[in-house]
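Structure first, then comments.
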Amino acid sequence: GENVEQHPSTLSVQEGDSAVIKCTYSDSASNYFPWYKQELGKGPQLIIDIRSNVGEKKDQRIAVTLNKTAKHFSLHITETQPEDSAVYFCAPRIKAAGNKLTFGGGTRVLVKP
Amino acid sequence: EPEVTQTPSHQVTQMGQEVILRCVPISNHLYFYWYRQILGQKVEFLVSFYNNEISEKSEIFDDQFSVERPDGSNFTLKIRSTKLEDSAMYFCASSERAGQNEQFFGPGTRLTVL
């Protein structure tokens with residue numbers, strides 16, 4: 001099965017600084033790479049995703065980069081704000097394994113004002 | 001904006017009792033999922049459902065679990081005889097299509113088995 005690792009597990013940044021979270025996966029057949037944000041008491045919400053034919057995607061302060069050769073993808077948050085404080089999960093999907101998402105262990109991000 | 005809803009938000013039950021967790025997926029979505037998250041751990045896939053049948057399930061989804069779409073709007077997860085280790089947040093999700101398609105998650109039901 002797919003093995004998904006996220007680093008770091010916790011990340012504390014000063015407001016305005018950048019945050020980067022890395023996700024490594026084991027199955028080279030993975031073809032969809034989403035990042036989810038989970039706020040306290042809520043379900044995971046998709047914030048950005050990338051398909052395997054694209055190396056980078058940006059949406060305002062959030063970007064995702066994909067390195068298929070090395071089997072990792074990263075979430076970049078620039079100009080962090082207190083409302084970015086949450087737990088972030090990567091959840092790659094293996095094409096041949098149906099539609100299930102395999103979640104990483106999560107990264108707790110704390111943005112200090 | 002359409003969203004996935006789940007009821008109840010918190011369910012407390014005694015070990016051995018049956019529970020039914022309810023979900024209303026987004027109305028035009030065709031694929032439905034249940035995931036669970038034990039406190040402090042990662043979100044784990046349980047089951048996916050399409051065209052009124054299970055399309056995939058994990059090893060967690062044993063004979064104690066079942067899913068049903070009893071009508072055109074609800075999607076339920078039943079645990080027949082709850083165990084202490086079933087205590088977790090249960091998330092329902094839905095997607096419009098299969099494949100590289102966003103799964104929208106509900107707010108979750110916290111199940112506590114005493």
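The values are calculated or read from the model by the stated rules, or taken from the named source; none is laboratory data. Note that the structure is a prediction, hence the values are computed from the model and not measured. Heads up, the Cβs are rebuilt from the backbone with ideal geometry, glycines too, and the neighbour counts pull from every protein chain shown. Accessible surface areas use protein heavy atoms only, side chains included; no ligands, DNA or RNA. Shrake-Rupley method; radii C 1.70, N 1.55, O 1.52, S 1.80 Å.
A few comments on the model shown:
- Taking the stretch B:17-46 as the range and being in contact (Cβ under 8 Å) with a residue 40 or more places away in the chain and out of contact with any strand residue (DSSP E or B) (no Cβ under 9 Å at 6 or more places or on another chain) as the test, the residues that pass are B:Ser27, B:Asn28.
- Number of residues in the stretch A:10-24 that are touching a His at 6+ places or on another chain (Cβ under 7 Å) and away from every other protein chain (no Cβ under 13 Å) equals 4.
- Among the residues of the stretch B:64-87, just one is closer than 20 Å to A:Gly43 by Cβ, over 11 Å from the mean Cα position of the chain (by Cα) and not in a loop (DSSP other than H, G, I, E, B), namely B:Asp86.
- Tally of residues being among the acidic types (Asp, Glu), within 25 Å of A:Gly106 (Cβ to Cβ) and either in contact with a Pro (Cβ under 9 Å, 6 or more places away or on another chain) or not in a strand (DSSP E or B) (or both) across the stretch B:42-63: 1
- Evaluation of A:Val54 against the conditions (1) of a type in the set (Val, Ile, Thr); (2) farther than 30 Å from B:Tyr90 by Cβ; (3) open to solvent by less than 30 Å² (accessible area, probe 1.4 Å) shows that the sole unmet condition is (3).
- Within the stretch A:74-113, the set of residues being more than 14 Å from chain B (Cβ to nearest Cβ) and either crowded, with 16+ Cβ neighbours inside 10 Å or part of a strand (DSSP E or B) (or both) comprises A:Ser74, A:Leu75, A:His76, A:Ile77, A:Thr80, A:Asp84, A:Ser85, A:Val109, A:Leu110, A:Val111, A:Lys112.
- Residue list for the stretch B:88-114, filter: part of a loop (DSSP other than H, G, I, E, B) and open to solvent by less than 10 Å² (accessible area, probe 1.4 Å): B:Gln103, B:Gly106, B:Gly108
- Boolean, A:Thr69 is open to solvent by 30 Å² or more (accessible area, probe 1.4 Å), within 14 Å of the chain's Cα centre (by Cα), farther than 15 Å from B:Glu102 by Cα and more than 14 Å from chain B (Cβ to nearest Cβ): no
- Residue within the stretch B:66-78 that is more than 10 Å from chain A (Cβ to nearest Cβ), farther than 22 Å from A:Arg93 by Cβ and open to solvent by less than 20 Å² (accessible area, probe 1.4 Å) present: yes
- On inspection, A:Lys37 does not qualify as within 13 Å of another protein chain (Cβ to nearest Cβ) and either β-branched (Val, Ile, Thr) or without any contact (Cβ under 8 Å) to a residue 12 or more places away in the chain (or both).
- So B:Ser81, is it small (Gly, Ala, Ser) and within 12 Å of chain A (Cβ to nearest Cβ): no
- Taking (1) within 14 Å of chain A (Cβ to nearest Cβ); (2) open to solvent by less than 40 Å² (accessible area, probe 1.4 Å); (3) β-branched (Val, Ile, Thr) in turn, B:Thr13 satisfies each apart from (1).
- Residues that are surrounded by fewer than 17 Cβ atoms within 10 Å (Cβ to Cβ) and of a type in the set (Ser, Thr, Tyr) were ranked within the stretch A:12-47; the one that is farthest from B:Gln37 (Cα to Cα) is A:Ser18.
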